[in-house]
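Inspection log for the structure reproduced underneath, given as structure tokens.
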Amino acid sequence: MDFIKGEVLYFNKPLNWTSFKLVALIRNRICRKLERKKLKVGHAGTLDPLATGVLILCTGKATKRIEEFQHQPKEYIATLKLGATTPSFDLETEIDQHYPYEHITQEQVEQTLKKQFIGEIEQTPPAFSAIKVGGKRAYDLARKGEKVKLKPRILAIDEIELLNYNLPEITIRVVCSKGTYIRALARDIGEALNSGAHLIGLERTRIGSVTLDQCKSPDDFLEWLDQYEIENNNI
């Protein structure tokens, strides 16, 4: 491999890791291997710390391909808990309100997903997001208790289906465009079902044609890197 000329690496991001942590780790270890102080490494699409799954890293000159990967469709498996909401729309924050959910049937969920969440939809991003507001990250403001108002965005959902129905939890599969917040989708689905909902599990299973079974864990990659003989043109 030529990390300077550019490589595209596929990782399965671990739970509770930030995307930045994975990038920093891989950059550091490759630089150490190459005996270099600097190397461009970037990722193609942030995953929240509480999410796992496909994260594409690009090195060297291949970082020019990041935007290409970011615009490819992404597939997620998401587990939602109905009947309760949180300020962050996931497990980062505590439940702030409870709602009835016993009225929700499997058929109702399937019909709601099909009728309201396929094609172009309008979505307001979560306050707990990396979007900048007045030069500051929205999540920094939200974590300080400040009110954050973000503008709705138009995005595309190509596919959505119910995989498991076990109230108060449901599991769905989503194929969507860049800019889709699955946490916000959980919020919107809860509201559409006349209840509330928040995300309790998320795995990104595909970016474009890159699937989870093609991805390495950070430990596996580092073990491979330690044993790999670097060619002279990498130094």
Could you tell me how many of the residues in region 114-145 are modelled with pLDDT of 90 or more, surrounded by 12 or more Cβ atoms within 10 Å (Cβ to Cβ) and not in a helix (DSSP H, G or I)? 4
Residue in region 59-72 that is part of a strand (DSSP E or B) and at pLDDT 95 or above present: yes
Cβ-Cβ distance below 9 Å, separation of 6 or more or different chains: which pairs start in region 40-61 with a residue that is more than 18 Å from F221 (Cβ to Cβ) and end on one that is of a type in the set (D, E) and in a strand (DSSP E or B)? A51/E203
Among L167, L163, L155, L150, which is over 20 Å from the mean Cα position of the chain (by Cα) and either under 24 Å from A78 (Cα atoms) or of a type outside the set (V, I, T) (or both)? L167
Please go through region 146-171 and give me each residue that is of a type in the set (D, E, K, R) and surrounded by 15 or more Cβ atoms within 10 Å (Cβ to Cβ), ordered by number. R153, E169
Taking I189 and the conditions (1) among the β-branched types (V, I, T); (2) farther than 23 Å from N12 by Cα; (3) part of a strand (DSSP E or B); (4) modelled with pLDDT of 95 or more, which numbered condition does it fall short on, given that it satisfies the others? (3)
Got a number for residues in region 92-113 being surrounded by fewer than 16 Cβ atoms within 10 Å (Cβ to Cβ) and under 20 Å from the mean Cα position of the chain (by Cα)? 1
Mind telling me which of the residues I172, I154 ends up being touching a helix residue (DSSP H, G or I) at 6+ places or on another chain (Cβ under 8 Å), part of a strand (DSSP E or B) and not basic (K, R)? I172
Name the single residue that is surrounded by the fewest Cβ atoms within 10 Å (Cβ to Cβ) among those in region 9-56 being touching a Lys or Arg at 6+ places or on another chain (Cβ under 7 Å) and part of a helix (DSSP H, G or I). C31
Taking region 73-91 and keeping only residues that are hydroxyl-bearing (S, T, Y) and either surrounded by fewer than 20 Cβ atoms within 10 Å (Cβ to Cβ) or at pLDDT below 95 (or both), one is left with T79, S88
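The values are calculated or read from the model by the stated rules, or taken from the named source; none is laboratory data. Since this is a predicted model, take the numbers as computed values, not measurements. With ideal geometry, Cβ positions are generated from the backbone for all residues, glycine too; neighbour counts draw on all protein chains shown.
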